[in-house]
Structure formats: structure tokens, C-alpha cells
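Engineer: Take a look at this one; I'll ask things after.
The values are calculated or read from the model by the stated rules, or taken from the named source; none is laboratory data. Worth saying up front: this structure is predicted, and the values here are computed from it rather than measured. Here the Cβ is made from the backbone with ideal geometry for all residues, glycine too, and neighbour counts use every protein chain on show. Keep in mind that these areas ignore ligands, DNA and RNA; they rest on the heavy atoms of the full protein, side chains included. Shrake-Rupley method; radii C 1.70, N 1.55, O 1.52, S 1.80 Å.
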Amino acid sequence: MPADGGIGAPNKRREDVRFLTGKGRYTDDINMRGQVYAAFLRSNVAHGRITSIDTSAAADMPGVIRVFTGADFEGIGGLPCGWQVTDRFGEVMQEPAHPVLAQGKVRHVGDPIAAVVAATAEQARDAVEAIEVEIEELPAVVDMKAALEEGAPKVHDDLTSNLCYDWGFVEENREAVNKAFEEAAHVTTLELRNQRLVANPMEPRVAIGDYAAHNDESTLYTTSQNPHVIRLLMGAFVLGIPEHKLRVVAPDVGGGFGSKIFHYAEEAFCTFAAKQIKRPVKWTSSRSEAFMTDAHGRDHVTKIELALDGDNNFAALRTETYANMGAYLSTFAPSVPTWLHGTLMAGNYRTPLIYVNVKAVFTNTVPVDAYRGAGRPEATFQLERVIDKAARELGVDPIALRRQNFITEFPYATPVAVEYDTGDYVATMDKLEEIADLAGFEKRLEESKARGKLRGLGVNCYIEACGIAPSHLVGQLGARAGLYESATVRVNATGGLVVMTGSHSHGQGHETAFPQVVAEMIGIDPNMIEIVHGDTANTPMGMGTYGSRSLAVGGSAIVRATEKIINKAKKIAAHLMEASEGDIELKDGQFTVAGTDKSVAWGDVTLAAYVPHNYPLEDIEPGLEETAFYDPNNFTYPAGAYACEVEVDPDTGKVTIERFAAADDFGNIVNPMIVSGQVHGGLGQGIGQALLEQAVYDENGQLLTGSYMDYAMPRADDVPFFAIDHSCATPCTHNPLGVKGCGEAGAIGSPPSVVNAVVDALQRAGKPVTHIDMPLSPARVWEAMNQ
Amino acid sequence: MYAFEFERPSTLDEAVKALGAEGAQALAGGQTLIPTLKQRLAMPETLVSLAGIAELKGISAEGGVLTVGAASTHTEVAGQTAYPALAHLARGIGDPHVRNRGTIGGSLANNDPSACYPAAALGSGATIVTNAREIAADDYFTGLFETALEEGEIITEVRFPIPAKAAYVKFEQPASRFALVGVFVSKGEGGVRVAVTGASEAGVFRWAEAEAALASDFSAAALDGLSASADDLIGDIHGSPAYRAHLIGVLTKRAVQAAG
Ligand SMILES: Cc1cc2nc3c(=O)[nH]c(=O)nc-3n(C[C@H](O)[C@H](O)[C@H](O)COP(=O)(O)OP(=O)(O)OC[C@H]3O[C@@H](n4cnc5c(N)ncnc54)[C@H](O)[C@@H]3O)c2cc1C
């Protein structure tokens, strides 16, 4: 390791200096000359037919430059969906149009109907209020099962029903699974809801469209996790701008959690409007707009059944899930309940037969898409809850039941199409028992009792698939994109490096972690390395950051590009030292010739590359800049075991988390401090889901949780100090860093142990409670206790 | 936010005059009013700041009465020691930002059904003093966001008789952390008072049965077997009327215990 921090060093995050001192440059910090502002008229009903729009009064308001309606977007593309799922019967999913501004109908509260561009943001809002729109309100569908009933109101008139797809996985196993259930010694059934969530990044979405007449180039500044993806989707499918005439910049981004992966109408609108009026057009979401327009997460209703044989071995698993798509298909929505969920149903266990059925449903609600974990939390929650329930029904220890069924040999091909390369679930469970001090639980139970509190212990495991993913595989599964990552490493004459990555950092700490990798490889100070990301104009085509893929895929691309740099640098060094290339070694930033005392420094070589006076010009080109694209050949499979101890106040139902422990296997660790931070944040979000968060619609499709007055976010005092460990590392076998990804684990792994712990507490108190749907609010827990 | 005029009077008389104008509204800490304006849910023509008026400031305890100027912030109230139960209540409001700006006058004028101060005022038998008159707390709270204040009337101070025993117990609504239910009990010269906030569709109210039970025996045990009615209580995603009714019982007992 370089003295000042290569792979494995807990370097402090260099980007935090600017974030914490208010010097970050977020999209809203960008203000362009001549910039004007957009505001949107949004539907206040969940479902309705637009019978008339009169914009004349609005157009006459002070400062108004132009008012746009759906009519302005006729003949222009709609927002595309990036994943096509094929159903159980071999048919492709139903895919409705998703106009930038409503065409004829509005389909959820918040659906944009018209937009005003004006000299100031307030003038734009004033003019929005002057637009006269008449909407004939139609009955709304909110409940998924009701939406599938005969005669239910249709969200999209041109589709045959509200069913997007009916997916079976693995369809060929269906009969065998059913048969296994008939023969099972014991079957445990659980019905549950994985509630709807709002991502709530600290920074709301912002878009600025800009058009340069001199070269006919459009630029979009936007709060995105993946600027190249937005450039491709918006350019090719919505506005018809070729990629060489479109630049997308995502500067500092204040959190995304998935919600900033997707292409949104406001981005297309600002880009379009800027070209129309030849001025930069800016839109900044209010928090209220964020609640009703940012893609929501989760919203699954599931029935899961676990079949066990007479020895308590898992024999088969069967699930039926309804997955809410909302009113339109958000960019990656169809993939979440299918390929990111069904493929994880084996969990950490040897279950030979699995069948997953998912019905994706359109409703008059905000579109639902990937949110931290995306499909994997849904899989983990139901699996780990049903195992816990089975253990209670069978009267066996929940940890023992899990251990008995662990996968112990790797690679392991699951019956749900994926192959785990490595793992050691016994080791993480052993580690968990240690760091959670499970041995001390009984004593703590007595202490709680003495204070009149009900204590409970919940444990769960998780597995996730990260580092999404091999392009050829996702292509077969319906992705309309490749999922490689890219890196360009540019070495300057004086030895410093600029690494241009297709990954995007919006809180992950890439600017600190990526240099550690390169510094380790060359043996130089990481401060000699600068990371550039987030601008399609100066980074190679990349797929962006989500699915805990940045280090596993983006980091691997950086390794590959740096290897190319080192190979070339060795050639130059060989020339300078008049040695043979094969004898050159690079260590601590020095090139040496094996078996001699000859050496040249890294800086001598980089200088030679750009001042090639003494240089093998006949063999190699001058300069030192290389690009690599890395396409992994498998997902990575982080896994772990979590334990939660709660206290329940029997008088009020209030749950407090007293202890929480997480033992994770993330493979190799580049920066343990960043990993701990990612785990802490993930646990906070998972605990938030378990105890607090929920987006609720009433039966008319009105969002009842449209602000923080009613949408409960986790706060510092909702979580305890965490006991975390990531020493049980089984390095990934197929990427050069041996890393697996850690960004989502906490959010995936924590909800089941919280619910398991509360059920445990209530059962110890003699309450016949087998399940409570999240969030475990005081009211819900109290009601469950007093059924 | 819509555009508005802004005035910053330095005396009460000037403020009263300014508030007499059409479309004028008082601005105290702004912790309720500013978010309302930002959401364009109110459209005052003029905001009249009460921040620069010396007559509305200051907290003093004399002759068993705590007098709190209407423009006192929650932080200031939390810092006084003459009436610990009131200080405790103020400390539990919102977060440091809210406490450093929000005022007792603003809270009582607003009379949010989930706010804390209404429970203290009603539960202590306080007197709300305005530029025009003195209003007993029992006559002041008239419903959801409704008070006895007339248009343009300014709360100048609040007088709390300091009871021998008092406590406020708040059970937080998980999202807003306002009171899902909050109960203020006191035992003083005027007898026992139990005021409940957060629970009722009609705003803060006194729980007469509990007061009666506690009058003869000020102990949690005196409340055994007593339950609040769920009729007309709030039901929302955070709790049903039945749950709130249950909490009233639990919190009243806890408040009596805390009052000692
Ligand atoms: C995040 C957050 C959390 C909060 N949590 C709590 C909580 O837990 N418990 C709680 O009780 N409250 C809570 N509040 C509300 C807070 O206490 C407010 O400060 C208070 O309700 C209003 O006081 P203000 O001084 O800010 O009034 P403003 O917002 O300035 O005014 C509110 C209303 O009162 C009127 N008004 C103000 N002063 C006077 C006066 N002297 N005479 C007549 N009319 C007047 C104004 O015209 C306006 O109509 C919270 C607020 C926020 C933002």
C-alpha cells in the first residue's frame, strides 16, 4: 500500500470538504446567462380526461415567455422504458405511452399538464395558476387487486387491461414446485406488503436545458445518477437529438437512492423548451413536487409459501406477488419485481425448487421504480420473514433453521438462474452471533422486563446481486442497454493522473476510493489522482451508478485502463533504462530492472511520454492515455447476517431499536471507512422502512403523505449505534479487485430482522402475532397486540 | 410564496395599527406561517413582524404567576426555571431551529390541534392577554385552528399560575413529531386540570372525568378503569380514534406520575 493510503486505507473522503463547507456545485447552483424558469401545472386528480386547456390568461401574465401544453409535444417521443419483460406466456409486456406533458388524460396526482416558462420562478408559478384547465374526473384505481378486476377503470384506454405483465419464473418449474408442496411435511404461508416508499434524496431534482445556436448543440444539466443513459434515452427516444449534439452534465448530486436513475419529463421539457425559446430554462423541484413526481419504490403485495421436508430442509418455495408500476412505466420499472427480485429468491439457502409469479399492475399513482436495493429487499424481506415464521411454527431456533439450510459450497447454481461465485454464510452468521452478543440476550431480556418493556430478538440473512451486470445476460432478460462500465486514465507529463469514469458519484465517495485503487497499482500518492465524472463531454460512455456497481464494474474498468497505462509505461521505462520490457518492475512509483540497481521514477516515464526526445517512437506512440470498457461476466453476491434487538412499549406499541448488528461479506474492501458509512446509511434507510416510512394514497388516488408532516423519515435518534463488521470476506472471483459492492446491503438486510424482532417480542409476551406489515408504527403494533 | 409588503413596527400600538389594514397578518417566528406562504396556501398583503416590539418580550415570575411575553421563543421558555413543566414542554417542540424562532404567541394564535402550548395553557388555567383584553384559556380555544382572537388582535403575553404539581407528556406523531397525543396535568390552587392535545377533531380539550378522579386522589391509580371516549377523536394514518383514546389514558397516568 502507498504510505498515504492505497487499497484498504480508511482515507477521509476528500469530497466532503467541499460538501461540508458549502462549496459543492449542485445543479441548482448553476445559473446561466439569460436563464429563465419553468413551472408545471400538475394534475390534482388521480385520473381524468382533459376537456379543455386555456392558456391565454397565463400567456399574458408578467414575465411569461411561453406556455407549453401537450399539443406542443405532439409528434415528439414519449419517455421510454429501458427494460422489456416477457410474460409467462411468451408475450411481451404491455407498454403504454408516457408523454412529456399529458395528452388527453391525466393518470396520477402530479402528472404534468402544462408548463410555463417565465423570467422568474415566481412569475412562472403565478402564470401556472392562471391556466384554466377543465378535467372530467374519472374513477381512479389505486389498489392493485381491484385494478385487475373485470370492469376496473383502465389507466390506459389503449391497453387491454391494467396488467403490465404476468411473469413466471422459472415457468418450467411451476408443476414441479406445486408437486413438492403437495408432498411437503410442513408448509408455512405468509401474506405481506412491502410498502410504497419515497426515496427522498436531500437534493430535489433540478434540470436546466441550454441550447447553443452556434453549433446547434443542446446541453442538459440534471440531477442524475447516469448522465450517459439520460443522453441516450432523451436524445434517441424523446427529442430526436443525436448524441454528438447533446451533452448531459450531472455535477454534484445530493443523493439519489435510485430515484435519479430515471429519465423524467422535466428533463426533456427543459431541453426542448430551451431550444424553442433559445434561452436556458431551469426547473427546480419543490419538495411537494418531489413527493408526487419522483419515482417511488417497492409497493409489492406478496403471498409466499415455504415447503419443508420432515427434517426441516427447505423443499420448495412459491410466491405470488403484485407489483405496482404506478401510472406509467418508469425507466427500469419492469426489471425490479422480475429479474432483480425473482433471481434472488433462493437467498442463502439450498432450496431446490422455486417458482415466482409476479403480476405488474398499472394504477393511478406515481410510477414505481428502483429504490436502494431494488427488488432484492423485496425478495429478502419475504424470504427471511417466512423462514422466521416457519421456525416458530416448527418450534425450532430460527438461526439453527437457517444454518441447516445454508448453501455451503461454491460456486452454487440456484434454481433461479444465477450462480453465486463465492460466499461463506456460516462465517458471517458466526461473526454476527459474536458482534451482536447473542449470548447476552437473555440477560438483556430480563433487564427490559424489569423496566416493563417487551424485548425481542430478530435475525436474518441476505444475499444480493450487485455489480449489475453482464451485458449479454441482461440483454437476454430484456434490458435495452448494456451494463458495462468505462474509464479513461489520462496521465499528465508531470505524473499526475486524471481518471474519467462512467460511474457517477452522488454520495458514494468515488473521488476518494477510486484514486486509492490507482495509487495502489502504481505506488503513488492518491492525491496525484483526480476523478472526473458526470459530464458526457469529458467522460467515456458509461452506464452510471446504481445496483452497488461502481467499484465492482466501474472500478474494474479503472483497473483495466490503469493496467494498459502501466504496460505502456513499462515499455517506456525499458527504453529509458535500456533493459528488456519483461524485466521491468513497478513498485512504489519506481520502475526498476530486475536484478539490477537501475531505476527510473514514475515522473521520468510520464515526462518522456510527452517529451519524447529519448523515446521508442518506432514502437509506441507518445502520450499516456488509455481507455477500458469492462463488462463483468457475472453479478457479485454480497451477503451477510443481521441481528436486531427491540423493545416494545406494551402500553403504546412504540418500538425502539436497542441494538443492531450487521456482519457483511463485501469481498475485498478498498476504503473501510466509506464501507462503514454506506452500511450505516443503508441500515438507517432499512430501519426507516421497517418502522417509519410509507407513502399512502387514499381510495381516490390522493397522496396522503405529501410532505414530511406525514411521511416519516428516520432521524438520528431512531437508530442505535451499530455493531458492524466486514471481515468475513470471500473475494469476488471474477472481477480484478475481488470486490462485491456494499451500497445497498444495509437497506436490503435490515427490515426483516426488525420485524422478526418485534414479532419475537410480542410472542414472548404471549401475543398470538405472526406478522405486522411495515412500517411498524406504534399504532400498528398496538393494534396487533390488542387484536 | 406570493409577494407581500413587510412592516416592522417597534411598538405595540404601531403593530395594532398596521394590523388594522386590509390583508395584514402578524408574523412572529414564522415557523408555521412561512411554510404556509411557501406553499401558497395564504396570500397576505402585508406581513407585520412582531419581532421588534419590546412589550412582547420577557419572561418573569412573580406572586406565583409566570408571565411570558408573546414573542418569547420556545428556547427562552425552555430556559426559565420557575415553571419546570412548561420548560420541559418547550424543550420538546420541534428542533433547535424551530425552538430558536417559534414563539408562544404564534403557537397559541395558530392553535394547531397537535401543538403543545395549547395543552399547557388550558392545562394550567392560563390567561391569554391581548392588546385589548384578558381571555381565560377555557374561553380561548374554540376549535381546530380557531381561537377567541378577533381580527387584528395581538397576543401580548400569557400568564400561567404556577401549580404545585404539573407535567406534560407528549407522544410524538412519527413524521411531524408534533403531538399524536399530548397530555398536560396540573394540580394547583384552581384544582386539577387535565388538558389533551393532538387527539380531538375540535382541538385541545379538558378531560373532565380524569380531572374529577384526580381531584380526590392525585395518583395514577386513581385513573384505573377510566378510559377516554374515542368519539370525535382524530383518525388518520398515524392512529385511529381508538388508539388515540387509549393513549390519552396511558399518557395521563404517566403525566400524573411525572408530576409527582
Ligand atoms: C419542523 C417543525 C416542528 C414543529 N414541532 C412542533 C411541536 O412539536 N409542537 C408544537 O407545538 N409546535 C411545533 N411546531 C410549530 C412551532 O411551534 C411554531 O413555532 C408555532 O406553532 C408558531 O409560532 P411562530 O412564532 O413561528 O408563529 P408564526 O408562524 O409567525 O405565526 C403563526 C400564526 O400566528 C399568528 N401570530 C403570531 N404571533 C401572534 C401574536 N402575538 N398574536 C396574534 N397572532 C399571532 C400569525 O399571524 C400566524 O397566523 C413545529 C414547527 C416546525 C416548522
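Engineer: Among the small types (G, A, S) and either more than 14 Å from chain B (Cβ to nearest Cβ) or in contact with a Phe, Trp or Tyr (Cβ under 6 Å, 6 or more places away or on another chain) (or both): which single residue out of A:G682, A:G688 fits that description?
Structural biologist: Step by step, each of A:G682, A:G688 is checked, and only A:G682 is among the small types (G, A, S) and either more than 14 Å from chain B (Cβ to nearest Cβ) or in contact with a Phe, Trp or Tyr (Cβ under 6 Å, 6 or more places away or on another chain) (or both).
Engineer: Let me ask another. Restricting attention to region B:164-191, which residues are open to solvent by less than 20 Å² (accessible area, probe 1.4 Å), out of contact with any Pro (no Cβ under 7 Å at 6 or more places or on another chain) and more than 16 Å from the ligand (Cβ to nearest atom)?
Structural biologist: Passing the criteria: B:A167, B:V185.
Engineer: On to the next question. Report those strands (runs of 3 or more DSSP E) wholly inside region A:513-613 carrying at least 2 residues which are in contact (Cβ under 8 Å) with a residue 24 or more places away in the chain and within 38 Å of the chain's Cα centre (by Cα).
Structural biologist: In region A:513-613, A:529-532, A:584-587 are the strands (runs of 3 or more DSSP E) which contain 2 or more residues that are in contact (Cβ under 8 Å) with a residue 24 or more places away in the chain and within 38 Å of the chain's Cα centre (by Cα).
Engineer: Still on this structure: Could you please find all residues in region B:91-101 being under 18 Å from B:F184 (Cβ atoms) and near the ligand (Cβ under 6 Å from one of its atoms)?
Structural biologist: B:I93, B:G94
Engineer: In region B:19-41, what count of residues is obtained for those that are within 14 Å of another protein chain (Cβ to nearest Cβ) and touching a residue at least 12 places away in the same chain (Cβ under 8 Å)?
Structural biologist: The number of residues fulfilling the criteria is 5.
Engineer: Just checking, how many residues over region B:24-50 are within 12 Å of the ligand (Cβ to nearest atom), open to solvent by less than 50 Å² (accessible area, probe 1.4 Å) and not hydrophobic (A, V, I, L, M, F, W, C)?
Structural biologist: Qualifying residue count, region B:24-50: 6.
Engineer: Suppose we filter B:L108, B:L86 for residues that are away from the ligand (no atom under 12 Å from the Cβ), in contact with a Phe, Trp or Tyr (Cβ under 7 Å, 6 or more places away or on another chain) and in contact (Cβ under 8 Å) with a residue 24 or more places away in the chain; which single one remains?
Structural biologist: B:L86
Engineer: Which residue pairs have Cβ atoms closer than 9 Å, lie 6 or more positions apart in sequence or on different chains, and pair a first residue in region A:395-414 that is closer than 16 Å to A:T730 by Cα and among the hydroxyl-bearing types (S, T, Y) with a second residue that is open to solvent by 70 Å² or more (accessible area, probe 1.4 Å) and outside any strand (DSSP E or B)?
Structural biologist: Here the result reads A:T408/A:R350; A:Y412/A:R350, each pair linking region A:395-414 to a residue that is open to solvent by 70 Å² or more (accessible area, probe 1.4 Å) and outside any strand (DSSP E or B).
Engineer: Which numbered condition trips up B:S10, out of (1) within 21 Å of B:T147 (Cβ to Cβ); (2) in a loop (DSSP other than H, G, I, E, B); (3) more than 14 Å from every other protein chain (Cβ to nearest Cβ)?
Structural biologist: (1)
Engineer: Here are the criteria: (1) surrounded by 13 or more Cβ atoms within 10 Å (Cβ to Cβ); (2) within 13 Å of the ligand (Cβ to nearest atom). Tell me which single one B:K17 does not satisfy.
Structural biologist: Single failed check for B:K17: (2).
Engineer: Is there a residue being surrounded by fewer than 20 Cβ atoms within 10 Å (Cβ to Cβ), assigned to a loop (DSSP other than H, G, I, E, B) and outside the structural domain of B:I234 (by TED's automatic domain parsing) anywhere in region B:96-103?
Structural biologist: So far as region B:96-103 goes, no, none of its residues is surrounded by fewer than 20 Cβ atoms within 10 Å (Cβ to Cβ), assigned to a loop (DSSP other than H, G, I, E, B) and outside the structural domain of B:I234 (by TED's automatic domain parsing).
Engineer: Next up: Filter region A:286-305 down to residues that are open to solvent by 20 Å² or more (accessible area, probe 1.4 Å) and of a type in the set (D, E) and give me whichever is nearest to the other protein chains (Cβ to nearest Cβ).
Structural biologist: The qualifying residue nearest to the other protein chains (Cβ to nearest Cβ) is A:E289.
Engineer: Test of understanding: among A:V128, A:V116, which residue is in a helix (DSSP H, G or I) and either of a type outside the set (D, E, K, R) or closer than 17 Å to A:N44 by Cβ (or both)?
Structural biologist: A:V128
Engineer: Still on this structure, please answer the following. Out of (1) crowded, with 18+ Cβ neighbours inside 10 Å; (2) within 14 Å of the ligand (Cβ to nearest atom), the odd one out for B:G125 is which?
Structural biologist: Going through (1) crowded, with 18+ Cβ neighbours inside 10 Å; (2) within 14 Å of the ligand (Cβ to nearest atom) one by one, B:G125 breaks only (2).
Engineer: Further question on the same structure: Quick check on region A:73-90: of everything there that is out of contact with any helix residue (DSSP H, G or I) (no Cβ under 8 Å at 6 or more places or on another chain) and in contact (Cβ under 8 Å) with a residue 24 or more places away in the chain, which residue is farthest from A:C270 (Cα to Cα)?
Structural biologist: Per the criteria, the residue is A:F89.
Engineer: If you don't mind, another one. Answer yes or no: is there a residue in region B:57-71 that is more than 9 Å from the ligand (Cβ to nearest atom), open to solvent by less than 60 Å² (accessible area, probe 1.4 Å) and either within 14 Å of chain A (Cβ to nearest Cβ) or assigned to a helix (DSSP H, G or I) (or both).
Structural biologist: Checking region B:57-71: not a single residue is more than 9 Å from the ligand (Cβ to nearest atom), open to solvent by less than 60 Å² (accessible area, probe 1.4 Å) and either within 14 Å of chain A (Cβ to nearest Cβ) or assigned to a helix (DSSP H, G or I) (or both).
Engineer: Is it true that B:A119 is within 9 Å of the ligand (Cβ to nearest atom), part of a helix (DSSP H, G or I), open to solvent by 10 Å² or more (accessible area, probe 1.4 Å) and not assigned by TED's automatic domain parsing to the domain that holds B:W207?
Structural biologist: Criteria not met by B:A119.
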